[in-house]
Every structure is written in structure tokens, then in C-alpha cells.
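The block underneath contains the structure these notes are about, expressed in C-alpha cells.
The values are calculated or read from the model by the stated rules, or taken from the named source; none is laboratory data. None of the values given here were measured: they were computed from a predicted structure. Positions of Cβ are generated from backbone atoms using ideal geometry, with glycine treated the same way; all protein chains shown enter the neighbour counts.
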Amino acid sequence: MSYYKKIEYEIIPKEAFQIARNCSGCGEKMAYQSTGNFRVNANGNQLDVWLIYQCAKCKHTYNLSIYERVKPTELEQQEYQLFLENNSDAALEYGLNRELFKRNKAELLWEDISYDIKEMSEEMLEEEKEEIEQVFLLHNSYGLKLRADRLAAQLLQASRSQVKKMIKDETLFIQQESGGKIIKIKKVSC
């Protein structure tokens, strides 16, 4: 009798996505990061809401549009209050909303993303197999562009060269599903 161990994880970004854009202060394309603050502007009977980004070098600001020219009655009162309070959780939520960046035509910087891997559940199952399997399911709900071999090395506490050797020896299998939203890492040992 052998065992099959399945562990599920969730990949959670530590901070809002960074963007690349031309900075008028620096005179070149720079990385902009979220300040965690909102700017709310009332113009007559309409509101504009932005998430404020700033150049990592010179602190020049850029307003990432969340709402443009909406009537105050179209926003939920609770959401509007979060904007006024500069709620950090709301700022992180909007700073991770890929549709918002797509709508603003903002270029995301994928290489500078810091994240945590949080364990969600663990199961031990008995199976009639010769080998023992460990399966790691990683839920990448924010769609971060991460190297699967790097994640495998992190979870297995191994070097990337060791992970590449295991893949070559067919004792480790990595599969990405749903456009990278689920990463399945399976380790087999005889």
C-alpha cells in the first residue's frame, strides 16, 4: 500500500502590480508603483476615482482610472467610503485587478512581483500503486506570470537545477491549466 499526498496552495501577491510608463520627471520609461491612495474628484454631478501610482525614482505621479464621470448614486456608499478613507485593502484589490490595467492600457511589470504561497488544504489518500506521489496544486487566481520550475524549487526546497534534473528523470511533472491559473506539480518516488 502506498500513499498519495495532495497539498493545495494559493499564490497571493504582497503588493499591487507595478506598471511601466514614460515618466516626464525622469525623461524615460520607468517603473511606477501604487501609493495605496485614491484620488476622488467631483465635477458637477459626476465623480472620477483614480488609484495613484508614482515613479519609483522621482515620485512623479500617475492616476490610474477606476471610475470616470459616474454619478455618485451609481457607486455603492460603502465602496465610495473606502475611496475617501484610502482603504489599503481596497487599494490592493484594485491594484491587482488586471481588467483595470487592461482598460487603462497600462503595461504591467511581471518580473518585479513579490508574492506569498499560502497553504489551503492537505489530503493523504491510500492507493494501490508502486510509487508514492506528492501533488501540489497552486491556485494562481491573480494570473501572475511565474516560472513553474521556480515555484517547484520553492515548494520542494530544492535548487532549480535539481528540479530540472527531476523533470528530465521523469520523477517530477509540471502542468499549467486554465491559462496559468492552476499549476500542478507532481513528484513521484519509487
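What number of residues in region 26-59 are surrounded by 14 or more Cβ atoms within 10 Å (Cβ to Cβ) and either among the hydrophobic types (A, V, I, L, M, F, W, C) or free of Cβ contacts under 8 Å to residues at least 60 places away in the same chain (or both)?
Selection size over region 26-59: 21.
GLY179 passes all but one of (1) of a type outside the set (A, V, I, L, M); (2) at pLDDT 90 or above; (3) within 20 Å of the chain's Cα centre (by Cα); (4) farther than 15 Å from PRO13 by Cβ; which number fails?
(2)
Here is a yes/no grid of residues against (1) over 30 Å from PHE173 (Cβ atoms); (2) hydroxyl-bearing (Ser, Thr, Tyr):
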site: TYR53; (1), (2): yes, yes
site: TYR62; (1), (2): yes, yes
site: THR73; (1), (2): yes, yes
site: GLN77; (1), (2): yes, no
site: ASN87; (1), (2): yes, no
site: LEU108; (1), (2): no, no
site: ASP112; (1), (2): no, no
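For (1) at pLDDT 95 or above; (2) part of a loop (DSSP other than H, G, I, E, B); (3) outside the structural domain of GLY143 (by TED's automatic domain parsing), each residue gets a yes or a no:
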residue	(1), (2), (3)
GLU8	no, no, no
GLY25	no, yes, yes
MET30	yes, no, yes
GLN33	yes, no, yes
LEU51	yes, no, yes
LYS59	no, yes, yes
ASN63	yes, no, yes
TYR67	yes, no, yes
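May I ask you to say which residue of ALA158, ALA152 is more than 14 Å from PHE17 (Cβ to Cβ), part of a loop (DSSP other than H, G, I, E, B) and either touching a Lys or Arg at 6+ places or on another chain (Cβ under 8 Å) or modelled with pLDDT of 90 or more (or both)? Walk me through it before giving the result.
Details: ALA152 fails: part of a loop (DSSP other than H, G, I, E, B).
Only one candidate passes the filter, namely ALA158.
Looking at (1) within 29 Å of LEU155 (Cβ to Cβ); (2) surrounded by fewer than 17 Cβ atoms within 10 Å (Cβ to Cβ); (3) touching a residue at least 60 places away in the same chain (Cβ under 8 Å), which is the only condition ALA20 fails?
(1)
Given the residues LEU100, LEU151, LEU155, which is the only one that is farther than 21 Å from SER189 by Cβ and hydrophobic (A, V, I, L, M, F, W, C)?
So the residue among LEU100, LEU151, LEU155 that is farther than 21 Å from SER189 by Cβ and hydrophobic (A, V, I, L, M, F, W, C) is LEU100.
What tally of residues in region 12-39 results from selecting those that are over 16 Å from SER88 (Cβ atoms) and in contact with a helix residue (DSSP H, G or I) (Cβ under 8 Å, 6 or more places away or on another chain)?
Matching residues across region 12-39 total 1.
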